[in-house]
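**Q** One structure is given below, represented as structure tokens, and several questions about it will come after.
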Amino acid sequence: MSARVSRRRLLGLGAAALGAGAVAAAGRPLADLLLQPGQPGRLLPSQTPLPGPYQVPLPIPPVLRPVRTDAVTDHYELTQRVVQLHILPDLPTSVWSYGGSFPGPTIVSRTGRRTVVRYRNELPQPVVVHLHGGHTPADSDGYPIDLILPAAGSPPSDDPMPGMPGMAQPHGDVARGERAYMYPMNQRAATLWYHDHRMGFTGPGVWRGLAGFHLVHDDEEDALPLPRGERDIPLMIVDRSFAADGSFRYPSLHAPGVTEPYRDGVLGDVILVNGAPWPTLNTKRARYRLRLLNASNARRYRLALDPPPAGGSGLVQIGSDGGLLTRPVYHDELEIAPAERFDVVVDFARYRPGTRVRLVNRLGSGTTTEVMRFDVSPATRTAPDDSGVPDRLSTVDRPDPHQATTTRTFVFHRDRQTGWTINGSLYRPGRVLARPRLGAVEVWRFITDFHHPIHLHLNHFGVVSRNSSSPGRYDSGWKDTVDLRPAEAVEVVTRFTDYPGTFLLHCHNLEHEDMAMMADFVTG
Ligand code: C2O
Ligand code: CU
Ligand code: CU
């Protein structure tokens, strides 16, 4: 069966599940939704002059120090507050920050050592914190109505804090001022990130700055000769737009979601890496580990090195969302959807001294075709480098899909009446779409009508198939977010091991998420 036929068949399946009209969203053919090829959403232009690329050095987010550690736990504290940061050359930008920086400080955990982070909310809005990729008990997972209300004395909000469309105000586990989240960290080394997850307002929260890295290390990874220290660099890639006053521009409603033209997704015209516009990094002629995170609301990227090193395959993937792969995968280009992580090693010794290597975005246009630049040292001798990429990295002991006791299907669809739905429903806290049993292996099947990066809380998963054939080139390893393009079907397998409670499955296009493309599942 050709890919085209199978795609059509899958679309038919989606349509059957939903009734007539599923293939054409809002009465328009699918192709019309794609305003930029490969890109879900619409460009929101900046209203201020933009800086040129490659004028500022790449910032590295500070590593957060624990306030206290004991035999089993590291305790951290972070205050969320508004700060003025210099992102543009001439105008300060008012940022919603974790601890005063954007990205927030990097939290570093060790597998098996509990991490407790106490967040204080001095922002004018309620917040929720989620550790993305964390294998976390439900009461610390950042369920979207488990709010931290602003601390007393914080400036009052003009926002009425409404619910999602068509629903009564739900009531979660609400704290005032601060809340501690407990992460057991019984999980392997991986690049995680934390971000806001407030119901209906995650898009504006993350856009205004609420995101940071959380790295997990373990003995297995430490035993490998991968680049480390200052040659192990997290790169948070986002697009943003700026208003005339230098603030982040975002098409908010005074309700969850965005104004009609932007409901497919908000795209910015400035690319920030670790909070700086199109920055540069001076590199030695040596190997670097780059932990790539797409923390954009909606934008997808196809990243490539320009020029590529002689012989190609400059991006050597060693890890994905859930940590190390079994063996490295060699790429010339990487397609990365919102919330996905690709851990790659780039060997700048493969370039001539003094080469300027741009990281470009082949899905961009205009200003968004450039991301950052690596300026390779002019020294003719390569730097001492005892790092390497072994051919065996780790074991990925993914459950066998044939052991699955249950297969569930989730259709991600834009309904012309209601909006962004999963199996025909808008999100409502407490409406449960799946009840996996702890101990069970399950296959979950996702079917889409549009670009949807689909994210599962609690568990990592393995991609079993894409469009009834093998997984794609970017599907390797343990994933927690899988990129589906329009009219695709992906099957993933996961094992529910521990933590009973309510968790989320959702689209990580933050505009879709805020407009209710989210579902509860309950483990038990
Ligand atoms: Cu990164 Cu439920 O989110
Ligand atoms: Cu998550
Ligand atoms: Cu979506």
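**Q** If you stretched the chain out fully between Asn282 and Arg431, how much longer would it get, using 0.36 nm times the residue separation minus the C-alpha to C-alpha distance?
**A** On the way: separation 149, 0.36 × 149 = 53.64 nm, distance 5.08 nm.
Roughly 48.6 nm would be gained on extension.
**Q** Run lengths n ≥ 4 of DSSP H only: what is the helix-derived mean residue ellipticity at 222 nm for the chain, with -39500 (n - 2.57) per run over all residues, to the nearest 500? Kindly include the intermediate steps, with their values, before the conclusion.
**A** Values: 5 runs with 35 residues, N = 524.
The helix-only estimate for the chain comes to -1500 deg cm²/dmol at 222 nm.
**Q** Moving to a separate point now. Within the range 278-298, what residues put their amide N at less than 17 Å from the label point 7 Å along the Cα-to-Cβ vector of Asp90?
**A** No residue qualifies, since no backbone N sits under 17 Å from the label point.
**Q** For Arg118 and Ser468, what is the calculated FRET efficiency with R₀ set at 41 Å and r taken between the beta-carbons, to the nearest 0.05? Could you put the intermediate results ahead of the total?
**A** Numbers: r = 47 Å, r/R0 = 1.15.
Working from the Cβ atoms, E equals 0.30.
**Q** Continuing with the same structure: Can you give the accessible area per residue of the chain, in Å², using a 1.4 Å probe?
**A** 37
**Q** To continue, here is another question. Toward the positive end of the charge dipole of the range 229-376, about the Cα centre and with charges on Cβ (Lys, Arg +1; Asp, Glu -1), which of Ala349, Leu293, Val266 goes farthest?
**A** Comparing the listed Cα positions along the dipole, Ala349 ranks first.
**Q** Right, next: Take peptides 412-418, 464-470 and line them up by average Cβ neighbours within 10 Å, highest first, as a rough protection proxy.
**A** Result, highest mean first: 412-418, 464-470.
**Q** Given R₀ = 22 Å, what would the calculated FRET efficiency be for Thr409 paired with Ala440, taking r from the Cβ atoms and rounding to 0.05? Show your work: numbers first, answer last.
**A** Values: r = 16 Å, r/R0 = 0.75.
After rounding to 0.05, the efficiency reads 0.85.
**Q** Same structure again: Sorting check: for 338-348, 371-381, which peptide has the highest mean count of neighbouring beta carbons within 10 Å, and how do the rest follow?
**A** 338-348, 371-381
**Q** Report in % the part of the accessible area of the range 387-524 that belongs to carbon and sulfur, leaving out ligands and nucleic acids; probe 1.4 Å. Can you show the working numbers first?
**A** Values: 2030 of 4530 Å².
Result for the range 387-524: 45 percent of the exposed heavy-atom area is carbon or sulfur.
**Q** Contour minus end-to-end for Asp222 and Arg110, with contour as 0.36 nm per residue of separation and end-to-end as the Cα-Cα distance? Walk me through the numbers on the way to the answer.
**A** On the way: separation 112, 0.36 × 112 = 40.32 nm, distance 1.09 nm.
Length difference between fully extended and current span is 39.2 nm.
**Q** With both partners inside the chain, how many of the DSSP beta bridges are antiparallel, as a percent to the nearest 5?
**A** On the way: 95 of 133 bridges.
Bridges in the chain that DSSP calls antiparallel: roughly 70 percent.
**Q** Over the range 68-222, with every protein chain in place, what whole percent of the accessible area is carbon and sulfur at 1.4 Å, could you tell me?
**A** So the carbon and sulfur contribution to the accessible surface is 52 percent.
**Q** FRET efficiency for Ala151 and Ala310, Cβ-Cβ distance as r, R0 = 41 Å, nearest 0.05?
**A** For Ala151 and Ala310, the calculated efficiency is 0.15.
**Q** Moving to a separate point now. Would you calculate the separation in nanometres between label points at Asp232 and Met182, each defined as 7 Å from the Cα along the Cα-to-beta-carbon direction?
**A** For Asp232 paired with Met182, the spin-label model returns 2.8 nm.
**Q** Could you order peptides 139-149, 428-438 by the average number of other Cβ atoms within 10 Å of their residues, highest first?
**A** 139-149, 428-438
The values are calculated or read from the model by the stated rules, or taken from the named source; none is laboratory data. Every value quoted in this text rests on a predicted model; they were computed, and no experiment measured them. Every residue, glycine among them, receives a Cβ derived from its backbone with ideal geometry; neighbour counts consider all protein chains shown. Note: areas computed on protein heavy atoms with side chains; ligands, DNA, RNA excluded. Shrake-Rupley method; radii C 1.70, N 1.55, O 1.52, S 1.80 Å.
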